[in-house]
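A short write-up of the structure that comes next.
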Amino acid sequence: MKYGRIRNLYPGGNTAQGFFSLYDSVLENLNRLLILKGGPGTGKSTLIRQVGLAMVDRGYDVEYLHCSSDNRSLDGVIIPVIGMGIVDGTAPHIIEPQFPGAVDEIINLGECWNEQYLQAHRAEIIAYTTRIGDRFRQAYALLRQAREVEGEWEALVAEAMDFSRVDQLTEDLILEIFNLSPRVRHLFAGALTPEGAVNFIENLTEDCERRFILQGDPGSGKSTLISKVAQAAVKRGYSVELFHCAFDPNSVDMVIIPYLKAAVLDGSVPHIIEAQRPGDRLINLMELADTSVLDIRKEARAEKQREFYKAVQAAIDEIGQAKELHDKLESFYIEAMDFDELDAVREQVLNQVLQQVAAYEQAFK
């Protein structure tokens, strides 16, 4: 039997604007959504992973929604062909039912814990939760600082760029790449995590026969070029997946046009992507800059680069400390769980998914 495939992506991220959610776009058009509630350590991520693997074993493709604050944890799974998803609906990605019963259903894993045990450790739980919040607030303040530095860095590069040539390159690229009912899906391909910047670009583009890999400093026009390609694709009737920058969600790092099996992506630091497959084309936008202006601003650009990465690394350190505190907080909830009762809930969730699969197979197979 043929196994299904797993796509990995982030539905939210730790950004210069704080926690930034793209859940509305990620979960759009689902026929059935199970929303898991419950504190840390209640088995939400494990349940999600088990359901995803069960579907892959049955030959269904799935999308794993990864947690940007815990590299080992999942926030959701989507089975696209049957239009069903299971997500963690607790903070910071609070998700509530829009169509209770008809589409959405809450599964409360908190019913499986020993509340008396948690109440006995009330002071420690409140203290860890407060300290975690403090760490994230500090991380987001540092990321805002890094964004201000990046803006100054961008200005130094933009001063040297010949954007009329970038615009011409953009138009040429649009003609090279490209009627249907277009849809724009907004996603994150990466995140700033406790282990640093992580991305799933190679996984997400493995079906792309053509990848246009852009290189260049901040301010060289990469995000604008990608956005224009996405707009041109939609204008021509093609659906796109638009991947936002994990650091600055107002910027975009990649567009995938699934129908054309083509992608345009930022291959610069921190997501260094080299041309390594047939159909890859490397485009260095810095070749369109005035080198004399770049030389004049060389030291200033280098200083902004140092300031930027120093602030980002400090933010990542704060997120890492929040993760350590979260692990300690989670231990109280793990100790309080009735795992026999939790296993029964997992079985109930899996049965719901299998019922949806059976209905799909009866209708389309």
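Of the numbered criteria (1) aliphatic (A, V, I, L, M); (2) over 30 Å from ASP248 (Cα atoms); (3) surrounded by fewer than 20 Cβ atoms within 10 Å (Cβ to Cβ), the one MET55 fails is (3). Considering only residues in segment 1-15 that are open to solvent by 10 Å² or more (accessible area, probe 1.4 Å) and among the hydrophobic types (A, V, I, L, M, F, W, C), the one that is nearest to VAL149 (Cα to Cα) turns out to be ILE6. Among the residues of segment 202-214, how many are buried (at least 20 other Cβ atoms within 10 Å of the Cβ) and part of a strand (DSSP E or B)? Adding up the residues that qualify gives 4. Quick check on ARG277: is it over 22 Å from LEU142 (Cβ atoms), outside any strand (DSSP E or B) and open to solvent by 10 Å² or more (accessible area, probe 1.4 Å)? Against the criterion (over 22 Å from LEU142 (Cβ atoms), outside any strand (DSSP E or B) and open to solvent by 10 Å² or more (accessible area, probe 1.4 Å)), ARG277 qualifies. Residues that are within 27 Å of the chain's Cα centre (by Cα) and among the acidic types (Asp, Glu) were ranked within segment 261-317; the one that is nearest to GLU195 (Cα to Cα) is ASP317. The set of residues in segment 150-196 being outside any helix (DSSP H, G or I), closer than 30 Å to ALA322 by Cβ and out of contact with any Gly (no Cβ under 6 Å at 6 or more places or on another chain) consists of ARG185, HIS186, LEU187, ALA189, GLY190, LEU192, THR193, GLU195, GLY196. Scanning segment 305-344 for residues that are over 30 Å from PRO218 (Cα atoms), charged (D, E, K, R), open to solvent by 60 Å² or more (accessible area, probe 1.4 Å) and part of a helix (DSSP H, G or I) yields GLU324, LYS328, GLU335, ASP340, GLU341, ASP343. Confirm whether ARG147 is part of a helix (DSSP H, G or I) and closer than 30 Å to VAL234 by Cα. Here the answer is yes, as ARG147 does meet what is asked. For segment 58-91, the set of residues classified as surrounded by fewer than 16 Cβ atoms within 10 Å (Cβ to Cβ) and closer than 27 Å to GLY133 by Cβ consists of ASN71, ARG72, ALA91, listed by residue number. Highlighted here are the strands (runs of 3 or more DSSP E) found entirely within segment 1-115 that include at least 3 residues which are out of contact with any Cys (no Cβ under 8 Å at 6 or more places or on another chain) and closer than 23 Å to PHE188 by Cα: 6-9, 12-15, 18-21, 32-37, 62-66, 74-79, 84-88. For the structure I just gave you, tell me whether VAL81 is under 30 Å from LYS2 (Cα atoms) and modelled with pLDDT of 95 or more. The answer is no for VAL81.
Within segment 91-102, the presence of a residue that is of a type in the set (Val, Ile, Thr) and at pLDDT 95 or above is excluded.
The values are calculated or read from the model by the stated rules, or taken from the named source; none is laboratory data. On a predicted model such as this, the values are computed, not experimentally measured, just so you know. In this analysis, Cβ positions are derived from the backbone assuming ideal geometry, glycine residues included, and neighbour counts consider all displayed protein chains. Quick note on the areas: whole protein, heavy atoms, side chains included, nothing else; ligands and nucleic acids left out. Shrake-Rupley method; radii C 1.70, N 1.55, O 1.52, S 1.80 Å.
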